[in-house]
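Take a look at the structure below.
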Amino acid sequence: MEIKTYGANKIGGCITEIRSGNTRIIFDYGNNLDDSPQIDLEGLTYGTPQYNAVFISHYHLDHIGAIDRVLKDIPIYIEKTTKILYDIICDFQSKPRVNVKTFAFNKPITLLNDIKITPYLVDHSAYNSCMFVIDDGKEKALYTGDFRNNGYTGNRLLPTFEAIGKVDYLITEGTNITNDNTHIIRKESSLVNDFVRIIQKYNQVLVLMSASNIDRVTTLLKACNKTGHTLIEDIYMAHLTTTIFKTDNVNVPNPISYDNVMVYKPIYFNKKDTEVKDKYLNCFNDKNNSDMLYKPFIMNIRTSMLGDLRMFKRKHILTNSCLIYSMWDGYKQQEDIKNFLKSVKALGITIIETDIHATGHASKELLKEIIEITGCSKVYIIHSNLKANKN
């Protein structure tokens, strides 16, 4: 089994190639989070197809966002609910949809009778994230994707690794490897009381976060239940949470099954093309009214919603408001985030100085434990700021 990694010494945009016999497979192909050029591979994105499949671990754009560049004759495999969620992400972010094949957890896929790939569910800040065991009959490799054990389903992680057992090669994300000893891996559940302590001081609470971080949405609703605030999901988040509820019957906070979850339709959505508006705009009308904005609420926001905040200011909605940053700290280096935070502050909205966030990635201690459980002879570190990756 031959393993090759591309862009492994950075967060996001890394690619892993595994070859055995006549079969060549790519695991994850996403956008870069930095300004480095997109990695193109002959036989994958240009020229004659030389790969048999691309497997995607989850819907974060640094793992899936470049799949529209993959040659059309190469099949792309995505977990079935992730595929539905990614279609929504594409519609809202004006990205082209891609035809893919879907898979289910724990059900092997065999390619050319050479390699068997089995997907397993892992805990991460993206719903239904997965890792893959690659078995060519002689050797086994484990590609982890992004994973952690500090989310709401984190207690399932180690039993899954133990069930997989021994492998020859481990290809693992190493996002937190370069953090110093003062870095604390917080549990998602521990954020609830932090949110409560802030929320109870303000009437309008804006949370700058990923709309697709379903664990964080759950945390916000738990905080709302303690303070009496209403959770307002923008229409994008509302479609993601409702899709999970309808597709997998998982009762994440959504406007259909929760009375205290409302829906807001941002101004930017009016600029979408007619097809997208026809598909999404008229949903949740019974959960969208102006009265909800004049009662204590928590709402997720993004940089594209600055016009909405200015409108809230004009209509005297923001009477006692704050903004909480609840994402990876690295995004603060991006110009759009910097400018957005400055504009929010200029509107008189209090910026909470302490970020409230739990990482979506494994701690160094967890990585050591996984290496021991798998008994692997070689480790490939990817998705990391390590300057040099030594196998």
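Computed values, structure above
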{"quantity": "Meets criteria (buried (at least 16 other Cβ atoms within 10 Å of the Cβ) and over 22 Å from the mean Cα position of the chain (by Cα)) for residue 20", "calculated": "yes"}
{"quantity": "Every pair of residues 6+ apart whose Cβ atoms lie under 7 Å, when the first sits in the stretch 278-291 and is at negative phi while the second is modelled with pLDDT under 90", "calculated": "281/269"}
{"quantity": "Given (1) part of a helix (DSSP H, G or I); (2) closer than 30 Å to residue 131 by Cβ; (3) touching a helix residue (DSSP H, G or I) at 6+ places or on another chain (Cβ under 7 Å), number of the condition residue 300 does not satisfy", "calculated": "(1)"}
{"quantity": "Matching entry among 186, 197 (being touching a residue at least 24 places away in the same chain (Cβ under 8 Å), out of contact with any Phe, Trp or Tyr (no Cβ under 9 Å at 6 or more places or on another chain) and exposed (fewer than 15 other Cβ atoms within 10 Å of the Cβ))", "calculated": "186"}
{"quantity": "Tally of residues being of a type in the set (A, V, I, L, M) and under 13 Å from residue 230 (Cα atoms) across the stretch 270-301", "calculated": "4"}
{"quantity": "Filter result for the condition that a residue is among the aliphatic types (A, V, I, L, M) and within 22 Å of residue 314 (Cβ to Cβ), over 199, 301", "calculated": "301"}
{"quantity": "Among (1) of a type in the set (D, E, K, R); (2) under 14 Å from the mean Cα position of the chain (by Cα); (3) in a loop (DSSP other than H, G, I, E, B) - the single one residue 62 does not satisfy", "calculated": "(3)"}
{"quantity": "The stretch 216-235: number of residues that are of a type in the set (Lys, Arg) and either out of contact with any helix residue (DSSP H, G or I) (no Cβ under 6 Å at 6 or more places or on another chain) or not in a helix (DSSP H, G or I) (or both)", "calculated": "1"}
{"quantity": "Qualifying strands (runs of 3 or more DSSP E) (wholly inside the stretch 98-178; at least 2 residues being at pLDDT below 95)", "calculated": "109-111"}
{"quantity": "Residues located in the stretch 202-216, provided they are of a type outside the set (Gly, Ala, Ser), under 23 Å from residue 312 (Cα atoms) and touching a Leu at 6+ places or on another chain (Cβ under 9 Å)", "calculated": "203, 204, 205, 206, 207, 208, 209"}
{"quantity": "So residue 368, is it closer than 21 Å to residue 195 by Cβ, assigned to a helix (DSSP H, G or I) and charged (D, E, K, R)", "calculated": "no"}
{"quantity": "Qualifying residue in the stretch 16-24 (condition: within 21 Å of residue 240 (Cα to Cα) and in the same structural domain as residue 111 (by TED's automatic domain parsing))", "calculated": "no"}
{"quantity": "Yes/no for residue 165 being within 21 Å of the chain's Cα centre (by Cα), more than 13 Å from residue 3 (Cβ to Cβ) and among the small types (Gly, Ala, Ser)", "calculated": "no"}
{"quantity": "Identity of the residue in the stretch 275-291, in a helix (DSSP H, G or I) and buried (at least 17 other Cβ atoms within 10 Å of the Cβ), that ends up nearest to the chain's Cα centre (by Cα)", "calculated": "280"}
{"quantity": "Count - residues of the stretch 1-52 that are over 20 Å from residue 383 (Cα atoms), polar (S, T, N, Q) and touching a residue at least 12 places away in the same chain (Cβ under 8 Å)", "calculated": "6"}
{"quantity": "Qualifying residue in the stretch 70-92 (condition: closer than 23 Å to residue 7 by Cβ and loosely packed, with under 15 Cβ neighbours inside 10 Å)", "calculated": "no"}
{"quantity": "The stretch 114-167: number of residues that are polar (S, T, N, Q), closer than 18 Å to residue 28 by Cα and touching a residue at least 60 places away in the same chain (Cβ under 8 Å)", "calculated": "4"}
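The values are calculated or read from the model by the stated rules, or taken from the named source; none is laboratory data. Quick caveat: nothing in here was measured; it's all calculated off a predicted structure. Here the Cβ is made from the backbone with ideal geometry for all residues, glycine too, and neighbour counts use every protein chain on show.
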